[in-house]
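What follows is a short report on a single structure.
Just so you know, all these numbers are worked out from the coordinates, no wet-lab data involved. Nothing here was measured: the structure is a model prediction, and the numbers come from that model. Reconstructed Cβ throughout: ideal geometry from the backbone, glycine too, with neighbour counts over all protein chains shown.
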Amino acid sequence: MKIAVIGTGHIGGTLGGKWRAAGHDVTYGSRRGGDGQEGPGGAPLRPIGAAIDGAEVVVLAVPGGAVAEVLAEHGQVLNGTVVVDATNQIGADRTDNQQAITAAVPDVKYVRAFNIYGWENFADPYPGTTLFFAADPAARAVTEDLVRAIGLEPAWVGGTEATVTVNGVAALWFSLMQQHGGQRRLALRLLS
């Protein structure tokens, strides 16, 4: 799968590295990207427009407040693409960027995933860790593959209307982390 990860921080760098190790074609997009540069793990680092060109999946792993800027410049080319919203707008009424993404990209296959844990849980997941996500049904199978490639167990909680449910799981994780003295290596597991 050709994946463009927009953002080279802990979340984007960790996810991209795992997907690359699983055999996916990963390119990082950044405002500072240029020809011949390398991103995390040696993957190509390109300007955002070049990174998303031809990508099957675009993962937004930038600060939540930066999404509007990325969409203003590049949203028009994302129609028909799976766009994973891995952002969190801490302190906002809604932590996701679903409204901004769907307004800028009317034909997007929106996914809310990879936002409920700290990056440490992606880098070295506990066996059986569940990643809860919401996704356009057309993007569900792709998202499940991406989750498994990280080493997590996917749990689809519903279509895009379930984004607020995923946000609630993130709020639960943050609360549990604080109650455990800031311990970020904390994960959830769905038992059935």
Next item on the list: Kindly indicate which of 185, 189 is touching a Gly at 6+ places or on another chain (Cβ under 6 Å) and either surrounded by fewer than 18 Cβ atoms within 10 Å (Cβ to Cβ) or within 20 Å of residue 82 (Cα to Cα) (or both).
Entry: 189
Next item on the list: Identify the residue in segment 58-78 that is of a type in the set (A, V, I, L, M) and more than 10 Å from the chain's Cα centre (by Cα) and, among all such residues, is surrounded by the fewest Cβ atoms within 10 Å (Cβ to Cβ).
Entry: 72
Item checked: Subset of segment 174-188 [within 16 Å of residue 120 (Cα to Cα) and of a type outside the set (Gly, Ala, Ser)] -> 174, 176, 177, 178, 180, 183, 184, 185, 186, 188
Note to self: Being surrounded by fewer than 17 Cβ atoms within 10 Å (Cβ to Cβ) and in a helix (DSSP H, G or I) is the filter here; which residues of segment 143-163 pass it?
What the structure shows: 145, 148, 161
Notebook entry, point to check: Is it the case that segment 103-111 has a residue that's out of contact with any Cys (no Cβ under 9 Å at 6 or more places or on another chain), of a type outside the set (Lys, Arg) and closer than 22 Å to residue 174 by Cα?
Noted result: yes
Note to self: Here is a check on your reading of the model: is residue 81 β-branched (Val, Ile, Thr), under 15 Å from the mean Cα position of the chain (by Cα) and surrounded by fewer than 21 Cβ atoms within 10 Å (Cβ to Cβ)?
What the structure shows: yes
Next item on the list: Name every residue in segment 166-192 that is in a helix (DSSP H, G or I) and either over 23 Å from residue 94 (Cβ atoms) or more than 16 Å from the chain's Cα centre (by Cα) (or both), in order of residue number.
Entry: 168, 171, 172, 173, 174, 175, 176, 177, 178, 179
Item checked: Residues located in segment 101-142, provided they are more than 16 Å from residue 162 (Cα to Cα) and assigned to a helix (DSSP H, G or I) -> 103, 104, 120, 121, 122, 123, 141, 142
Margin query: One residue is enough: does segment 125-141 have a residue meeting the conditions of a type in the set (Asp, Glu) and within 22 Å of residue 25 (Cα to Cα)?
Written below: no
